[in-house]
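The values are calculated or read from the model by the stated rules, or taken from the named source; none is laboratory data. These numbers come from a predicted model, not from an experiment. For neighbour counting, all protein chains shown are included, and Cβ atoms are generated from backbone atoms with ideal geometry for every residue, glycine included. Side chains included, ligands, DNA and RNA excluded: accessible areas come from the protein's heavy atoms. Shrake-Rupley method; radii C 1.70, N 1.55, O 1.52, S 1.80 Å.
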Amino acid sequence: MSYAGSRGDEYEAFDRPRRRSTRPRTKDRPDYADAETGMVITVDRGRYRVLIDDRDVTATKARQLGRKGVIVGDLVKVVGDTSGAEGTLARIVEVEVRATVLRRTADDDDPYERPIVANADQLVIVTALADPPPRVGMIDRLLVAGYDAGIRPLLCLTKADLAAPDELIAQYEPLGVPVEVTFPGADLDPLRERLRGHRSVFVGHSGVGKSTLVNALIPGARRAIGEVSATGRGRHISSSAIALRLPDAEDSSSRQSWVIDTPGVRSFGLSHVRRNRILAAFDDLRAIAENCPRGCRHDDASPECALDAAVANGELAPARLESFRRMLGSGQ
Ligand SMILES: Nc1nc2c(ncn2[C@@H]2O[C@H](COP(=O)(O)OP(=O)(O)OP(=O)(O)O)[C@@H](O)[C@H]2O)c(=O)[nH]1
Ligand SMILES: [Mg+2]
Ligand SMILES: [Zn+2]
């Protein structure tokens, strides 16, 4: 898979050990008092598209940022020609601290984390009910990645015209994951409601209908839509992540709503994820697990795991523990 947008400098930044800079830190650095702040909406071969107010500004990364990655969703300070006029090029001089970072590794043994999207607060796990068939392993992995990053999940089941969603809903409801179901012509208002005021990143296998949804939600988005190939493997249609603004609701007083469409993923490595961070995402489970023996892994084979005791005394629904453990099994 490829996040074309974040290749190049991003991969370098994480593939090589960091060298200590010998340059003095702030000396010689100009004061960027007149810098403007914008959001990176897409990255393409070292060029960043930054939205400043309503201007779509193309920028490069200032040298002093070195190998520091700039990714979609980043809030950045920009100097130079920020008019957004054709042919102009501005410069990103600073990346603001990220509220969240969605990361993945290439596989579970890969020590290098790839940040995908910054500052998202909702992870929309897009899964087709058929064509390509749903894979709970992938859903579980994405849930884990979301909980680890502090980004709340939403499961969006597409292609309900081809297969029924009941089984999947039954599997994820016990975890408290909200679910939306879509099909061509479906009323998208309930989904819109869940997206309102959030920065939602759409993630899932290629061909599940991420871009189709984005197009349906945003008039004029015109994201390319692909055919699902007969082998089910699918060609990757979207090649880089892009953030798009949702039209405001009429009564809107809330913050802006954004959706970030990403290219399909084949796998989602989780070597960076720690078990206790996932547990921490579930208040009730975390409270129960305070009574676990030290170092408890909270899985089926953990002796005296307090979660088992809670099921035994009726405090915790068995289906919820089962869902949680299955999901945990996809982490480390
Ligand atoms: N039957 C049916 N087909 C759908 C639905 N949603 C999307 N499709 C079709 O699924 C195919 C893939 O859709 P895309 O939106 O390109 O999928 P994607 O997830 O963006 O794929 P990548 O960009 O490769 O990650 C297209 O042929 C869509 O028309 C749906 O609800 N029902
Ligand atoms: Mg797409
Ligand atoms: Zn335990």
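Summary table below
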{"read-out": "Conditions (1) within 7 Å of ligand 1 (Cβ to nearest atom); (2) closer than 15 Å to Ala243 by Cβ: number failed by Val203", "value": "(1)"}
{"read-out": "Matching residues in the stretch 121-180 - criterion: being open to solvent by 10 Å² or more (accessible area, probe 1.4 Å) and acidic (Asp, Glu)", "value": "Asp121, Asp131, Asp148, Asp161, Asp166, Glu167, Glu173, Glu180"}
{"read-out": "Number of the exception - Thr88 against (1) among the hydroxyl-bearing types (Ser, Thr, Tyr); (2) more than 23 Å from Ser239 (Cβ to Cβ); (3) at pLDDT below 90", "value": "(3)"}
{"read-out": "Matching helices (runs of 4 or more DSSP H) fully within the stretch 110-204 where at least 3 residues are more than 19 Å from Glu322 (Cβ to Cβ)", "value": "136-149, 189-195"}
{"read-out": "Among residues of the stretch 181-214, those that are open to solvent by less than 70 Å² (accessible area, probe 1.4 Å) and either within 16 Å of ligand 3 (Cβ to nearest atom) or without any contact (Cβ under 8 Å) to a residue 12 or more places away in the chain (or both), counted", "value": "1"}
{"read-out": "In the stretch 170-187, the residues that are under 21 Å from the mean Cα position of the chain (by Cα) and of a type in the set (A, V, I, L, M, F, W, C)", "value": "Leu175, Val177, Val179, Val181"}
{"read-out": "Residue in the stretch 21-37 that is open to solvent by less than 10 Å² (accessible area, probe 1.4 Å), of a type in the set (Val, Ile, Thr) and either within 23 Å of the chain's Cα centre (by Cα) or at pLDDT 90 or above (or both) present", "value": "no"}
{"read-out": "Residue in the stretch 219-242 that is modelled with pLDDT of 90 or more, open to solvent by less than 10 Å² (accessible area, probe 1.4 Å) and not in a loop (DSSP other than H, G, I, E, B) present", "value": "no"}
{"read-out": "Count - residues of the stretch 280-325 that are without any contact (Cβ under 8 Å) to a residue 40 or more places away in the chain and either polar (S, T, N, Q) or in a helix (DSSP H, G or I) (or both)", "value": "20"}
{"read-out": "Answer from Leu89, Leu75 - the residue that is among the aliphatic types (A, V, I, L, M) and open to solvent by 70 Å² or more (accessible area, probe 1.4 Å)", "value": "Leu89"}
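Let's see how each residue does on (1) within 15 Å of ligand 1 (Cβ to nearest atom); (2) among the acidic types (Asp, Glu):
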site: Leu129; (1), (2): yes, no
site: Val136; (1), (2): no, no
site: Leu142; (1), (2): yes, no
site: Gly146; (1), (2): no, no
site: Asp161; (1), (2): yes, yes
site: Ala170; (1), (2): no, no
site: Glu180; (1), (2): yes, yes
